[in-house]
Amino acid sequence: MSMPADNTLPCVAGIGLRAPHYREVLETLPRLGWVEVHSENFFGGGAPIRTLLKARDHYPVSLHGVGMGLASPDPLDTGHLDALKQLCDSVQPASVSEHLCWNTAAGMVVNDLLPFPYTREALLHVAGRIDQVQAKLGRQLLVENLSSYLSFAHSEMTEGEFLAELVARTGCGILFDVENLYVNTRNLGVDARAFVDAIPAAAVGEYHLAGFSERDGCLVDTHNNPVFAEVWELYEYALQQIGPRPTLIEWDSDIPPLNVLMGEADKAQQFIEACHE
Amino acid sequence: MSDLNENLSVFAHSIVSGAEMPQEVNDGYQSYSADTALEVYRNNYRGNLHDALSGTYPVIEQLVGEAFFRLLTREFIAQYPSRSANLHRYGAELAEFVATFAPAQSVPYLADVAALEWVCHCAYFAEDAGALDVAALSQVPPEHYPDLIFISDPSCHVLRSQYPCTAIWHAHQPGAVSDFNIDLESGPASVLVSRVEDVVRVREISDADAEWLSGIKAGASLGQATVATLARHPDFDLQAALLAMTTQGVLTGFSHREAS
């Protein structure tokens, strides 16, 4: 199995480590394959970074950014990039990832993960910014596909094609969020199989799994539920087509007890092992 | 302006201030309209900023209650758009907003408590600094003391309030034994916020110590800060202040400005 360089996460299931579980995880050291955290929560000094470094003593850590805004038309926030570099230097993460989205335009900041038109212009722009981030960090970045609630009529390619172009131009890897893809199939009519076919399997370094919710007919990527059956089904298809990869259970609101997360991770682990057989 | 910049600027504007959608956005989706989608983004925008404020200002939220806090943050978010991709930077102006927010005027100490919570939040995420090199300090010849420039820990802040904010803050911390007998007329107080072994500490200090530390933080030399403090507080005890600020990790470094 080929894997993106620099990505040293073990090919097993892991969980998103969030504040309500810090103490329990550090005191009981449960059996977890690896953990992922949101990079921005550990910018600066003090208790947050100390907590993460303790976790790092026991588990491989993946740094997952929510604020770089790779597709933002405004200039890349070099202060943000410097802070991420500093965090990478102290944590020495097994993986670093960001989303294929934007968050800043004309000085307005929207603290969210926003979609943009998949045009040639955007491709050159995003590729240049990924180059800038990878050069600064001195390592490969995994770029995550987005869950979207709307789309642009003048897109010139699909998200899958856009990601494949980014991989070819920058050498970045792909973080394949299976739930995001499922949300897009239901919201936007995206063809899931075409997405899987479009992205280069060798570039996929990680999968994400999570639960969504619904608002007025629109599926929203709220990470507040167990992984639904349809998403497990799509995950199984991805495993068959692309192969097993480190797989994360993400849960960000209405966070359940740790054993619920671990149960979900066990389930993902069974899928990974079935795929190896 | 490039197409991408144009599209996304219009999109950002429609999320933040309710303006129209970019024309290039598809109108209809499988089971909802473009307006529904935009409303999801607007809700996310406000919800994420509300949650950030709720995380930074837990005492304010307890003091005014969840429903009033939601009203307050809704108005604040409308007036103060986000300026940083790092949500921890959002909400610095809440104290000045609260001071002018008419429905909050019946709680006169609210703005000062908000100012205190903001510096506590900043202290929690402040960069780490090393400890003061006491051995090196002891090597400085006494005649150079007045020219010493001390560096304070990035987590350290000094505040002054007309109200007993320290007591109010402590009474609303998790696990605190609530003290509902705080005397609001107990007079003005100076407050020192700093991080000690990764825990944010809030404590009252004397007005003299506060004035001296504010001078040091503003870049005054030891001599300048001490002379200015003694002029207003003749009982200021420099040795005691230095010892307290050093052992509590408030002073983390020094440089020596050569006398010209």
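All of the numbers you see were taken from the coordinates with simple rules; none came from a lab. Since the structure is predicted, the reported quantities are computational estimates derived from the model, not experimental observations. Methodologically, a virtual Cβ is constructed for each residue, glycine included, from the backbone with ideal geometry; neighbour enumeration extends over all protein chains shown.
Quantify how strongly other chains surround peptide B:193-202 by giving the mean number of their Cβ atoms within 10 Å of each of its Cβ atoms.
2
Calculated from DSSP H runs of 4 or more alone, at -39500 (n - 2.57) each and per residue, what is the 222 nm mean residue ellipticity of chain A, nearest 500?
-12500 deg cm²/dmol
In a Gaussian network model over chain B where Cα atoms closer than 10 Å are linked, find which of B:Ile77, B:Ile151, B:Ile15 has the largest mean-square fluctuation.
Looking only at B:Ile77, B:Ile151, B:Ile15, the biggest GNM fluctuation is shown by B:Ile15.
For each pair in A:Lys54/A:Lys267; A:Lys54/A:Lys85; A:Lys54/A:Lys136, compute the distance between the two Cα atoms and list the pairs where it is over 29 Å.
none
Once the other residues with Cβ under 13 Å from the Cβ of B:Pro103 are scored (Lys, Arg +1; Asp, Glu -1), what is the net sum?
Surrounding charge for B:Pro103 is +1.
Quote the FRET efficiency, to the nearest 0.05, computed for A:Val260 versus A:His38 with a Förster distance R0 of 25 Å and r equal to the Cβ-Cβ distance.
Computed FRET efficiency for A:Val260 and A:His38: 0.80.
How far apart, in nm, are two points set 7 Å out from the Cα along the Cα-to-Cβ line at B:Arg160 and at A:Arg120?
Simple spin-label model gives 6.4 nm for this pair.
Mind checking which of B:Val193, B:Val107, B:Val59 has the largest fluctuation in a GNM of chain B, springs on alpha carbons under 10 Å?
B:Val107
Just to verify a number: FRET efficiency for A:Lys136 and B:Val177, C-beta to C-beta distance, R0 = 56 Å, to 0.05?
0.70
Given a cut-off of under 8 Å on Cα pairs at least six residues apart, what relative contact order in percent is computed for chain A?
Relative contact order, chain A: 19 percent.
If each of A:His58 and A:Arg23 carries a label point 7 Å out from its Cα toward its Cβ, how far apart are those two points in nm?
1.5
Which of the helices in chain A, when you take each full DSSP H run, stretch at least 24 Å along the axis at their Cα atoms and have an average Kyte-Doolittle score of 0.0 or higher?
TM-like helix candidates: A:258-276.
Taking each residue of B:33-43 in turn, how many C-beta atoms of other protein chains fall within 10 Å of its C-beta, and what is the average?
Whole-number average of other-chain Cβ neighbours for B:33-43 is 5.
Could you pull out the GluC sites (Glu not before Pro) across the stretch B:99-151 that fall in loop regions by DSSP (anything but H, G, I, E, B) with no more than 16 other Cβ atoms inside 10 Å?
B:Glu127
Using only atoms on other chains, find how many Cβ atoms lie within 10 Å of each Cβ of peptide B:120-130 and report the average.
Average neighbour count from other chains, rounded to a whole number: 3.
Run the helix sum for chain B: -39,500 (n - 2.57) per DSSP H stretch of 4+ residues, divided by residue count, reported at 222 nm to the nearest 500 deg cm²/dmol.
Calculated from helices alone, the mean residue ellipticity at 222 nm is -15000 deg cm²/dmol.
Please list, by residue number, every one of the GluC sites (Glu not before Pro) in the stretch B:29-106 that is coil in DSSP and has at most 16 other beta-carbon atoms within 10 Å.
The qualifying sites are B:Glu93.
About the Cα centre of the protein assembly as shown, what is the dipole size in debye to 20, counting +1 per Lys and Arg Cβ and -1 per Asp and Glu Cβ, all else neutral?
For this selection, approximately 680 debye.
Looking only at the stretch B:198-226, which residues have a backbone nitrogen under 19 Å from a spot 7 Å from the Cα of B:Ala92 in the C-beta direction?
Answer for this model: B:217-219.
Calculated FRET efficiency, B:Arg46 and B:Val227, Cβ-Cβ r, R0 30 Å, to nearest 0.05?
0.05
Could you check what % of the DSSP bridge pairs in the stretch A:12-142 are antiparallel, to the nearest 5?
Within the stretch A:12-142, antiparallel bridges account for around 25 percent of the total.
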